[in-house]
Amino acid sequence: MKKEVIVVGAGLAGSEAAYQLAKRGIKVKLYEMKAKKKTPAHSKDYYSELVCSNSLGSDSLENASGLMKEELRILGSLLIDVADRNRVPAGQALAVDRDGFSKEVTNILKNTKNIEIIEEEFTEIPNDKIVIIASGPLTSDKLFEKISEITGEESLYFYDAAAPIVTFESIDMNKAYFQSRYGKGDGEYINCPMNKEEYYNFYNELIKAERAELENFEKEKLFDACMPIEKIAMSGEKTMTFGPLKPKGLINPRTEKMDYAVVQLRQMIKKENYII
Ligand SMILES: Cc1cc2nc3c(=O)[nH]c(=O)nc-3n(C[C@H](O)[C@H](O)[C@H](O)COP(=O)(O)OP(=O)(O)OC[C@H]3O[C@@H](n4cnc5c(N)ncnc54)[C@H](O)[C@@H]3O)c2cc1C
């Protein structure tokens, strides 16, 4: 095998690929353009930036996602190792402090022997070198043209969900409570309960609310497992109480009863960094 590999993109895939190659003594040229040019979704200069949810999914050994993480841990994955160190409470899921996570990955990549980081947009795919293209769903246009010449595909696409961020100080903890569903995990989800009247007020406001405009790279093509909340609401007035606002498995400690609906929030930063 040739002892040099080009990795394009220091996102999640590219960071892990570069690190694993370097650890095995293979020289890596890692191209990342974000210092000079950012995709429409990336905003930070750090690598392995999580652009949306801070959850890497279940960490339970009882399902495929958790099992795969455990295998990655055993195999010495950089990202899982850094994620474990930047973990924030999220029941059975592995969720991370996104800034802490990205900063640590960046720091490790910059200090790993055999990795040379080139802060440029990669635009030409050479025939005589091994290249791993890990430029993600928002690959730059120039590189996409080259990928398209090789693959014949006209576009790259992915399903995207935008998760709102709620500041801790805006939550009334005299009403909300910490608890994990069915008592599983660390009990650190923040649950904002609604009674029937509050739920219907929310429902009525939601279905007539102003909608975000689509970016020019977005199309309204929906994925069943990741429906926008207003679409779920429009399918029936109680549907949300069986989906994202389901109260099942939670007992409100103030009333000792199940609420009519619950907005369950996952923490995004470590507790010691809370601004109260
Ligand atoms: C708006 C948005 C929301 C998302 N929400 C979720 C979610 O909630 N859950 C989820 O699992 N996934 C989500 N995704 C998908 C998410 O992008 C992937 O899960 C993950 O980031 C993919 O990792 P990656 O390494 O393939 O790409 P990325 O993490 O996107 O990394 C690609 C890197 O390549 C760089 N790059 C691109 N072109 C070039 C070039 N020509 N030269 C040099 N560098 C280049 C970029 O700057 C970037 O740093 C979302 C994606 C977007 C865009």
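Based on what the data block shows, is Phe158 within 16 Å of the ligand (Cβ to nearest atom) and either part of a loop (DSSP other than H, G, I, E, B) or aliphatic (A, V, I, L, M) (or both)?
The answer is yes for Phe158.
Check off (1) polar (S, T, N, Q); (2) within 14 Å of the ligand (Cβ to nearest atom); (3) part of a helix (DSSP H, G or I) for Asn107 and give me the number that stays unchecked.
Among (1) polar (S, T, N, Q); (2) within 14 Å of the ligand (Cβ to nearest atom); (3) part of a helix (DSSP H, G or I), the lone unmet condition for Asn107 is (2).
In segment 114-171, what count of residues is obtained for those that are touching a residue at least 40 places away in the same chain (Cβ under 8 Å) and acidic (Asp, Glu)?
6
Is segment 188-201 home to any residue that is modelled with pLDDT under 85, outside any strand (DSSP E or B) and not hydrophobic (A, V, I, L, M, F, W, C)?
Yes.
Scan segment 67-86 residue by residue and report those that are crowded, with 18+ Cβ neighbours inside 10 Å and under 25 Å from Gly183 (Cβ atoms).
Lys69, Ala83
Against the definition (modelled with pLDDT of 95 or more and not β-branched (Val, Ile, Thr)), how does Glu124 come out, yes or no?
yes
Of the residues Gly57, Gly14, Gly9, Gly25, which is surrounded by 21 or more Cβ atoms within 10 Å (Cβ to Cβ) and at positive phi?
Exactly one of Gly57, Gly14, Gly9, Gly25 is surrounded by 21 or more Cβ atoms within 10 Å (Cβ to Cβ) and at positive phi, namely Gly9.
Only one of (1) of a type in the set (Val, Ile, Thr); (2) in a loop (DSSP other than H, G, I, E, B); (3) in contact (Cβ under 8 Å) with a residue 60 or more places away in the chain fails for Val28. Which number is that?
For Val28, the failing item is (2).
Is it the case that segment 31-38 has a residue that's under 18 Å from the mean Cα position of the chain (by Cα), surrounded by fewer than 19 Cβ atoms within 10 Å (Cβ to Cβ) and within 11 Å of the ligand (Cβ to nearest atom)?
Yes, that holds for at least one residue.
Select from segment 39-73 the residues that are more than 12 Å from the ligand (Cβ to nearest atom) and among the acidic types (Asp, Glu) and write down the one among them that is farthest from Ala83 (Cα to Cα).
Top of the filtered list is Glu62.
The values are calculated or read from the model by the stated rules, or taken from the named source; none is laboratory data. All figures in this text were calculated on a predicted structure; none of them were measured in a lab. Cβ coordinates were reconstructed from backbone atoms using ideal geometry, including for glycine residues, and neighbour counts include every protein chain displayed.
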